[in-house]
1. Looking at the stretch 71-82, which of the residues that are farther than 18 Å from Leu105 by Cα and of a type outside the set (Asp, Glu) is least open to solvent (accessible area, probe 1.4 Å)?
2. Can you tell which of Leu61, Leu4 is touching a Leu at 6+ places or on another chain (Cβ under 7 Å), part of a loop (DSSP other than H, G, I, E, B) and hydrophobic (A, V, I, L, M, F, W, C)?
3. From the set of residues in the stretch 19-41 that are open to solvent by less than 40 Å² (accessible area, probe 1.4 Å) and of a type in the set (A, V, I, L, M), which is farthest from Ala92 (Cα to Cα)?
4. Condition first: open to solvent by less than 20 Å² (accessible area, probe 1.4 Å) and either assigned to a loop (DSSP other than H, G, I, E, B) or free of Cβ contacts under 8 Å to residues at least 60 places away in the same chain (or both). Now tell me which residues in the stretch 115-136 satisfy that.
5. Check Pro174 against each of (1) within 26 Å of Ile53 (Cβ to Cβ); (2) modelled with pLDDT of 65 or more; (3) open to solvent by 70 Å² or more (accessible area, probe 1.4 Å); (4) not in a helix (DSSP H, G or I) and name the one condition it does not meet.
6. Identify the single condition in (1) in contact (Cβ under 8 Å) with a residue 40 or more places away in the chain; (2) outside any strand (DSSP E or B); (3) in contact with a Ser or Thr (Cβ under 6 Å, 6 or more places away or on another chain); (4) not polar (S, T, N, Q) that Gly55 does not satisfy, given that it satisfies every other one.
7. Is there a residue in the stretch 62-70 that is aliphatic (A, V, I, L, M) and within 12 Å of the chain's Cα centre (by Cα)?
8. Tally time: how many residues in the stretch 93-107 are open to solvent by less than 10 Å² (accessible area, probe 1.4 Å) and outside any helix (DSSP H, G or I)?
Amino acid sequence: MKFLLTSSGISNPSISDALVDLLGKPIAESTALFIPTGIYPFPGGGERAWKAIHGQAPIPLTQLGWKSLGMLELTALPTIREENSVPAVREADALLVWCGDVLYLTYWLRQSGLADLLPSLSETVYVGVSAGRIAVTPYNCDAEFDIGFVPDGSDMAQGADRGARAGGFHAVPPTSIIPT
């Protein structure tokens, strides 16, 4: 897996160039799956997800001119047969993981099985924005904030300080990435 981790999306030419370098081809020739899951715990989360999917969010990601763009909803994956979902993930050039609540996103990365699948996607580019950036690290540096969005009685807060551990780095808010 290749990682492009940002706090504000593909927001300038150097980040855009880095994405193209990681993809190994122009964005217009690349396929992507957009993962909005992390935004749902916030007020207006559904509307924010819709805006991001339709390229109306202020953080540039889905509106970059992808050859094709699909949606991957992590909360639905546990109810879908793997042979119907995994091929789409394996075929995508990029996974665009949106912002939101790190704890919620990390929980669903694990529950959906995507966290276990990520290491096998050697040519796929994981583009993480804000929470999407932190969720794949070993440590959730946003845990104290995230716990405020956990529903009463949920086990989601267990291990709140742990990320999905998909890469050899830590994220420190708001923008630093530190290799481990």
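1. Step by step, filter the stretch 71-82, then rank; the result is Ile80.
2. Leu61
3. Here the residue is Ile39.
4. Scanning the stretch 115-136 gives Ala115, Leu121, Thr124, Ile134, Ala135, Val136.
5. (2) is the only condition that Pro174 fails.
6. (1)
7. Among the residues of the stretch 62-70, not one is aliphatic (A, V, I, L, M) and within 12 Å of the chain's Cα centre (by Cα), which makes the answer no.
8. So the answer is 5.
The values are calculated or read from the model by the stated rules, or taken from the named source; none is laboratory data. What you are looking at is a predicted structure, and each value in this text was computed from that prediction instead of being measured. Note that each Cβ is placed from the backbone with ideal geometry, even for glycine, and that neighbours are counted across all protein chains shown. These area figures cover heavy atoms from the full protein model, side chains too; ligands, DNA and RNA do not enter into them. Shrake-Rupley method; radii C 1.70, N 1.55, O 1.52, S 1.80 Å.
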